[in-house]
Structure formats: structure tokens, C-alpha cells
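Okay, structure first, notes after.
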Amino acid sequence: MSNLSLNRVKQLLEASAKTRVLVVGDVMLDQFIYGRVSRISPEAPVPVVDFQREIAMPGGAANVARNLTALGGQASLFGAVGRDEGAHRLAALLKEQKVACDGLLEMSSRMTTRKERIIAGQQQIARIDRETRGELDAEHSEKLLASIRKLLPQVSAVIVGDYGKGVVTQPLLDGIKAAARARGLWVSLDPKPVHQLELGGLSLITPNRKEAFELAAVPDTASRATDPLKDANLLKVADKILNTLQPALLLITLSELGMLLCRRGEKPFHIPTVAREVFDVSGAGDTVIASFTLAIAAGASPIEAAVFSNHAGGVVVGKVGTATVTPEELLASFKRD
């Protein structure tokens, strides 16, 4: 990809080390229980999983934050957790990964979101979700916003991770947008269209194809072109989002077709995928929004940031589970390119 030289990637990574990004949203604990199945239970027609190992990692907005620190940036995380074992485990993992999590509100009325996946061989056979989906009440939302405002003078950009669990309320988002605009700060948002928020006036929105069509309220019924630049339906949706929500940038992630970077008044720019093997796409969107925002904060142009984040996403989908990319892995992917 000629838009970004290896030297330029090194420059951006060096600048990233001096960059702090504030991440706010729904934090989660992702747990993976691995085992093997050799028999069916005598109690019910279900497999018996013989436990082998368990791993846990930060998920949701917490995964966005750890993607920032994995690339050498600094991250401060804001959100809400319960007063429970999940919160302690998540805090310990975030500390290991150098994510500042003083901004996590502990609430006895909420449960820390935990997604427990049971995997036998290569197959996920069940997932147990423990979570509170209700909206954050006005008092805690205002408390969170006050803490965010206090930290804004020390950050270069803000990422809002909305996973529909109730932390990202309209008053919180409006407060973040107003406070960031007053300081000229970049605000990126990963949308959850089922959670209908007013998303006007953001710096960057990063929907996948399905989310883009939902945001535009257009059914994705026409046949898809293998070249996104010839996909009339997709281009129509991009135009509609640009005109109604007016983000500075719209980055639509297209799985194996790469990404489409869209700006008002300019032709869309297609970045083909660089992924060699795809093992797991879970969390790839978190990597993309984290690396794109970090690159912008480090001085990249929109196209440079898109290429940078496309490479980061390409590395992560080659790993199992919600994963991150290191500077060394990112540089290696540019050397192969």
C-alpha cells in the first residue's frame, strides 16, 4: 500500500507514545473457557465439556483502551462496572495492560458485563452473558461527565464505544461532544444503531456494513459488488450518513473487502484488506477505531490513518479471541506489504 511508507509508520508509532486518548463507553470482561467433548450428558442431550483452561481479557470499550496501550499510546478509560468479582478481574487485567481506569464508576445497582464463552475444540458451544442493560441514571451520567471534562485538557482525542449496554446515554454523548468541541478535540464513535442516539457532528463514525445500512435506514437487499467503489447501494448509504449526520469522516469496515473511507465532497477511498488469514473477527472493530484515532492524534492524514488501522485490523483477525496488535507486528505487516 503506497500511501504509507515504513518510515512514516515508525514516525506515527513514535508520536503515539506521547499521545493520550480518553475512551468512554460500555466496558466488558470477555471470558473463554476451553475444553474437550467426548460424551453426551446422561442428564440431558447436551455435551459434557471437560475443562482444560480459561482465559479472560478486557472487552468492549475496555478492549479499545488496551488496543491503544498495546500500540504504545496512553489510554484513560471511563465507564461503569458493578461491585463484583468481574470488576476486580477487569481492573487487574487493565492495570497489567497499562490502562488508567480511575474513570470506572463502581455501582452496586449494576453488574459488570461478562461474556463467558464455552469452546470445545474449535467450536463455541454456548455463551453466558451477565449484564445490566438499563441506561445509566442521570446522577451517575453527570458524575461520569464531570470526570471526563476534568481530564480533557490532558488528552489528544476521545473514543466513544457504544455497545448498547446503557453507559452511553444521549446527555452523556451531548456533553462529551460539547466539551470536546470547545477544546478542538477529535471524537470517534463506534455506533450501535439499535441504540438510537443522535450522532450528529462527530469527527469519525466507524460502522460495519450492516450498521451503516441500519444508520441510514436503508435495507441491504441489492446484490453486493466485489468492488465497494462500484457498489451503488453502499455508496448511496455512505452519502446519506455523510449528509444527515455530517461526521468529518465515515469509515465503513467491510470485512474481507477492507474499508471504505468517505468524506463529504470527495470521492470515497477504498482500502483493500491486508489480512492473510482470518481466525476471529471479534474485537476487530475495536482495533480499527483505536488505531485510526491514535494515528490521527499522532499527526496522520485521514488516508494514512485508514491504511494504518487497516493493517492493525489485518493483524488482529489472524489471532483468536479479542486481541491486540503490537508496534512490532504492525511494522512487520508493512514490511510484507
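Read the figures in this text as sums done on the coordinates, not as results from a lab. Quick caveat, the model's predicted, so the values are computed rather than measured. Neighbour counts are summed over all protein chains in view; Cβ atoms, including those assigned to glycine, are modelled from backbone coordinates with ideal geometry.
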* When you count, for each residue, the other Cβ atoms within 10 Å and take the mean per peptide, how do 109-121, 126-138, 155-167 rank with the highest first? -> 155-167, 109-121, 126-138
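Quickly estimate the mean residue ellipticity at 222 nm for the chain, helices only: each DSSP H run with n ≥ 4 gives -39500 (n - 2.57), and the total goes over all residues, rounded to 500. Kindly include the intermediate steps, with their values, before the conclusion.
Numbers: 10 runs with 122 residues, N = 337.
Mean residue ellipticity, 222 nm, calculated: -11500 deg cm²/dmol.
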* To do: Figure the gain on full extension for Lys335 and Gln52 (residue separation times 0.36 nm, minus the Cα-Cα span) and round it to one decimal in nm.
  => 98.2 nm
* **Nitroxide proxy distance, nm - points 7 Å out along Cα→Cβ at Leu152 and Ser301** => 3.0 nm
* Structure fact -> So for segment 195-300, using the alpha carbon gyration tensor with a ≥ b ≥ c as root eigenvalues (a/c under 1.5 gives rounded; past that, a/b versus b/c decides prolate or oblate), I'd call it rounded
* Highest GNM mean-square fluctuation, the chain, Cα pairs closer than 10 Å: which of Ala179, Ala305, Ala290? -> Ala179
* Note down the net charge around Arg130, summing +1 for each Lys or Arg and -1 for each Asp or Glu among other residues with Cβ under 10 Å from its Cβ. => -2
* Asked: Does a label point 7 Å from the Cα of Gln11, set along Cα-to-beta-carbon, have any residues of segment 164-201 with amide nitrogen under 15 Å, and which are they?
  -> none
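Taking 30 Å as R0, compute the FRET efficiency from the Cβ-Cβ separation of Ala217 and Lys267 and round it to 0.05.
Efficiency for this residue pair is about 0.80.
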* Structure fact -> With segment 1-140 reduced to its Cα atoms and the Debye formula applied, log10 I(q)/I(0) at q = 0.10, 0.13, 0.22 1/Å amounts to -0.47, -0.70, -1.20
* Structure fact -> With the chain reduced to its Cα atoms and the Debye formula applied, log10 I(q)/I(0) at q = 0.06, 0.10 1/Å amounts to -0.21, -0.58
* Structure fact -> For the chain, the charge dipole (Cβ of Lys, Arg +1; Cβ of Asp, Glu -1; about the Cα centre) points to a positive end, and the Cα of Ala92, Gln124, Thr293 closest to that extreme belongs to Thr293
* To do: Would you please put 78-84, 237-243 in order of how densely packed they are, using the mean number of other Cβ atoms within 10 angstrom per residue and starting with the highest?
  => 78-84, 237-243
* Structure fact -> Quick calc, segment 1-82, dipole around Cα centre from Cβ unit charges on Lys, Arg (+) and Asp, Glu (-), nearest 20 debye, gives 420 debye
* Cβ-placed point charges (K, R +1; D, E -1), dipole of the chain about Cα centre in debye, nearest 20 -> 580 debye
* Asked: Can you list the aspartates and glutamates whose alpha carbon sits under 18 Å from that of Lys236, skipping same-chain ones fewer than 8 residues off?
  -> Glu211, Glu214, Asp220, Asp227, Glu266
* Asked: Arranged from highest to lowest average of other beta-carbon atoms within 10 Å per residue, in what order do the peptides 50-59, 221-230 appear?
  -> 50-59, 221-230
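Given a cut-off of under 8 Å on Cα pairs at least six residues apart, what relative contact order in percent is computed for the chain? All intermediate terms of the calculation are to be shown ahead of the outcome.
Details: 719 pairs, mean separation 62.2, N = 337.
Reported as a whole number, the value is 18 percent.
Grab the Cα-Cα distance for Asn243 and Ile40, subtract it from 0.36 nm times how many residues apart they are, and report the gain in nm with one decimal.
Value of the extension gain: 67.6 nm.
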* Asked: Counting only complete DSSP H runs, which helices of the chain cover 18 Å or more along their long axis at the Cα atoms and score a mean Kyte-Doolittle of 1.0 or above?
  -> 284-297
* Asked: Dipole of segment 144-212 (Lys/Arg Cβ +1, Asp/Glu Cβ -1, origin at the Cα centre): which of Leu204, Ala157, Leu189 lies farthest to the positive side?
  -> Ala157
* What share of all Cα pairs of segment 154-222, in percent, falls into each consecutive 10 Å distance bin? -> 19, 51, 24, 5, 1
* Which whole-number percent gives the relative contact order of segment 183-330, counting Cα pairs below 8 Å spaced six or more residues apart? -> 19 percent
* Could you give the dipole magnitude of segment 87-166 about its Cα centre, charging the beta-carbon of Lys and Arg +1 and that of Asp and Glu -1, in debye to the nearest 20? -> 300 debye
* To do: Return a whole-number percent for the relative contact order of segment 1-156, with Cα pairs under 8 Å and 6 or more residues apart as the contact set.
  => 25 percent
